[in-house]
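The values are calculated or read from the model by the stated rules, or taken from the named source; none is laboratory data. Treat the numbers as computed from the prediction; the structure is a model and nothing was measured. All Cβ positions, glycine included, derive from the backbone under ideal geometry; neighbour counts span all protein chains shown.
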Amino acid sequence: MSSQSKSTSTEQLSEIEIKILTLLYKSGGQYIQRNLWRAIGVDGKTGLPHLQRLEKRGLVVRERIGDTKRAQYLVKLTPEGKKVIEQYLRAAGAIAKPEVPLPDYTLRDSELSDVERIVARLPCFFCPYLGVCAKVKYLDPARCEFLSKWLAEQSKSIT
């Protein structure tokens, strides 16, 4: 691939490309392609050429997921894509470098034993979907029926 086709600093990003990169950046670097269009407010026919351009420039990669007949793709932000969108967002004033040191979240021994006891009981470690939970947007702790049920049971035992 020539250096011109992967050039990122000399080429302008379209509004849709900026929306795609920003969404990927703010969602942890990956998103299911079919959900991407709804999230940025365009249809797939309009968005796909922009996504393909980003992929050609090395700013994103698409990974086929699942065993369904109809292909699903996970769109991932590459390190170069992350660098480009961070530069853009900094220039736009949307993100800034942290100037305040982060607080110390070190646990005391008494807290650590409580955390270890709780984490050992989390249903996530026994979940049949653990291998794909972090990779697929529709499977996450916020929407997990197993975790929700466990949390509800824990809250009942507290009250």
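Mind listing just one residue for me: the one in the stretch 42-72 that is in a loop (DSSP other than H, G, I, E, B) and of a type in the set (Lys, Arg) and, of those, nearest to the chain's Cα centre (by Cα)?
Only one residue fits best here, namely ARG57.
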Matching residues in the stretch 49-78 - criterion: being out of contact with any Lys or Arg (no Cβ under 7 Å at 6 or more places or on another chain) and exposed (fewer than 15 other Cβ atoms within 10 Å of the Cβ): PRO49, GLN52, LYS56, ARG64, GLY66, ASP67, THR68, LYS69, ARG70
For ARG38, only one of the following conditions fails: (1) of a type outside the set (A, V, I, L, M, F, W, C); (2) without any contact (Cβ under 8 Å) to a residue 24 or more places away in the chain; (3) surrounded by 17 or more Cβ atoms within 10 Å (Cβ to Cβ). What is its number? (3)
If we scan the stretch 10-17, do we find a residue that is part of a helix (DSSP H, G or I), modelled with pLDDT of 85 or more, surrounded by 17 or more Cβ atoms within 10 Å (Cβ to Cβ) and among the acidic types (Asp, Glu)? yes
Filtering the stretch 45-65 down to residues that are in contact (Cβ under 8 Å) with a residue 12 or more places away in the chain and closer than 16 Å to TYR31 by Cβ yields GLY47, HIS50, LEU51, LEU54, LEU59, VAL60, VAL61, ARG62, GLU63, ILE65
